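Everything below concerns the one structure shown next.
The values are calculated or read from the model by the stated rules, or taken from the named source; none is laboratory data. Bear in mind that the values here come from a model prediction, so they are computed numbers and not experimental data. Every residue, glycine as well, gets a Cβ built from its backbone with ideal geometry; the counts of neighbours run over all protein chains shown. Areas reflect the complete protein model, heavy atoms only, side chains present, ligands, DNA and RNA absent. Shrake-Rupley method; radii C 1.70, N 1.55, O 1.52, S 1.80 Å.
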Amino acid sequence: MTVTSPPATGILAARAASLDAADPLAPLRSRYLLPEDCVYLDGNSLGALPAAVPAALQDVVQRQWGTDLIRSWNTNDWWQAPLRVGDALGRLIGAAPGRTVAGDSTSVQLHNALTAAARLRPDRRLLVTDPAHFPTDLYAADSVARLHGLEVRLVPARALPAFLDEHGERVAVCSYGPVDYRTGELHDMAGLTQAVQAVGALALWDLCHAAGALPVALDDLGVDLAVGCGYKYLSGGPGAPAFLYVAERHQSSYDPALTGWNGHARPFDMRGSYTPADGMGRARIGTPAVLSLLTLEAALTAFDGVDMHAVRTKNQSLTGFFIDCVDALLDEREFECVTPRDPERRGAQVALRHDDAHSLIEALAERGVIGDMRAPNLLRFGFNSLYVSHRDALTAVRTLRDVVAQGAHRRERMRHTAAAT
Ligand SMILES: *Cc1c(COP(=O)(O)O)cnc(C)c1O
């Protein structure tokens, strides 16, 4: 069955072509290895493979590990990799050198950051976080609260200032993300950080959906603590090391839950008692995952010379154009855009609500358009400015329209129902 194109498609195609032609970041797509016929809108979950990675990883494995063997801790500087890669990440999140460490997972770093925050504010009993936060962030908050005798309060970001007005002096730490991982809503990181600190509490930000997508200014905003992952917009690969930022003023009292010999002031003395290293070195834990760290390091070179403000301008354009395509080509009674239409109030993703989200995403993937879904009914599309084009955005919406017109998602759903019974 063929689906006729309404004239709107031609107008949108012309607009996509002119937006892409004027896009200063368009050449960056060659820094990634993407299949020809794939529209990849899931880089907010697993970033695409940077072209620099395969050769770098091969060198790490064959030469550094295979030939140089254990000497590589010195000759290839494996030992400093957590802090060196941390500094490379720091450049993308507004952190001066010596304030960011790379390693472990976001979940692990959250436990450490929350514990450190609780210990920095021992007289305050409230740990405040977002009820819409990513599950790991909520689980870590709950566990750290139980370990340290805190009470968790779930307060939506927009209600936080009023909550702080009333209970501020009892709050130890506020743990939030700048971008809602489901709806893509962007919170006012500067304003909230200020409100949190005005009452003497600590601001902990989870940058998983911000690092590599937005110009983050941790030092300038005076953020206390931050964490984030390396495998979403940063494209460090599946399970890439996460990162932790500690403001310089807190480093000498940074006291995390998980300590290890790599964070010791004199690790090779093999002492039986723990003396933390000076500075960010104390945020190291155990032996780092060198293969993953050096993969992430190579991946980050895709951002060399890239202005994060240009990245932001482009993803606002991509998401705006995508929403325009949705408005023009999809039935608004079927698809509800849950992402704010104001470009200043959304991150680099768009979410659409539809009852058949699951089968629609599968039908799209069969046609080379990769997004993802979040239960129960959100289709989620991420826009990495370094490798997604306006044409990709239009292709995705046209394909979605075709899938609906052909009823392909209903057949998909029936197949699943049949398979399940
Ligand atoms: C993706 C994401 C995580 C993932 O944590 P992992 O430990 O890497 O699995 C945590 N928090 C937020 C806000 C995320 O978006």
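Before moving on, here are some points about what is shown:
- Surface analysis of the chain yields an accessible area of 43 Å² per residue, using protein heavy atoms and a 1.4 Å probe.
- The value for the chain of Rg(Cα) / (2.2 N^0.38 Å) is 1.04.
- Annotation: amide H of V227 within the under-5 Å range of W205, D206, L207, Y245, sequence separation 5 or more or interchain, hydrogens built in the peptide plane.
- Amide H contacts of N44 (H built 1.01 Å from N, under 5 Å, at least 5 apart or other chain): G382
- Selection from N74, A48, P35, by position along the positive dipole direction of the range 1-86 (Cβ): N74
- Accessible surface of the range 53-303, 1.4 Å probe, proportion on carbon and sulfur as whole %: 54
- Look at the dipole of the range 323-421 built from charges on Cβ: of C337, A405, I361, the Cα furthest out on the positive end belongs to I361.
- From phi via Karplus (6.51, -1.76, 1.60), per-residue ³J(HN,Hα) for the range 77-83 in Hz, x at Gly/Pro: 6, 4, 4, 8, 3, x, 7
- Modelled spin-label separation between A159 and E366, with each label point placed 7 Å from Cα along the Cα-to-Cβ direction: 4.3 nm.
- Proximity of backbone amide H atoms, modeled 1.01 Å from N, is registered between W78 and W73 at under 5 Å, excluding neighbours fewer than 5 places apart on the same chain.
- When only the Cβ of Lys, Arg, Asp and Glu is charged (+1, +1, -1, -1), the dipole of the range 167-300 relative to its Cα centre reaches about 420 debye.
- Charging the Cβ of each Asp and Glu at -1 and of each Lys and Arg at +1, and nothing else, the dipole of the range 53-303 about its Cα centre rounds to 500 debye.
- Restricting the GluC sites (Glu not before Pro) of the range 320-412 to loop positions (DSSP other than H, G, I, E, B) with no more than 14 neighbouring Cβ atoms within 10 Å leaves E332, E334.
- For the range 135-146, 3J(HN,Hα) per residue [Karplus equation, 6.51 cos²θ - 1.76 cosθ + 1.60, θ = phi - 60°, Hz, x = Gly/Pro]: x, 3, 5, 6, 5, 5, 4, 5, 5, 5, 4, 5
- For the range 112-188 versus the range 1-71, the gap between their alpha-carbon centres in whole angstrom: 35
- Lys/Arg +1, Asp/Glu -1 at C-beta; the range 53-303 dipole; positive extreme among P288, P267, V223: P267
- Residues T301, T399 ordered from highest to lowest accessible area at a 1.4 Å probe: T301, T399.
- Placing +1 on each Lys and Arg Cβ and -1 on each Asp and Glu Cβ, with no other charges, gives the chain a dipole about its Cα centre of roughly 520 debye.
- For the pair the range 284-313 / the range 222-266, the C-alpha centres are spaced 14 Å from each other.
- Annotation: peptides 136-149, 166-179, ranked by per-residue average of other Cβ atoms within 10 Å with the highest first, follow the order 166-179, 136-149.
- Vicinal HN-Hα couplings computed from phi for the range 48-62 (Karplus, 6.51 cos²θ - 1.76 cosθ + 1.60; Hz; Gly/Pro x): 5, 6, x, 4, 6, 6, x, 5, 5, 5, 4, 5, 4, 6, 6
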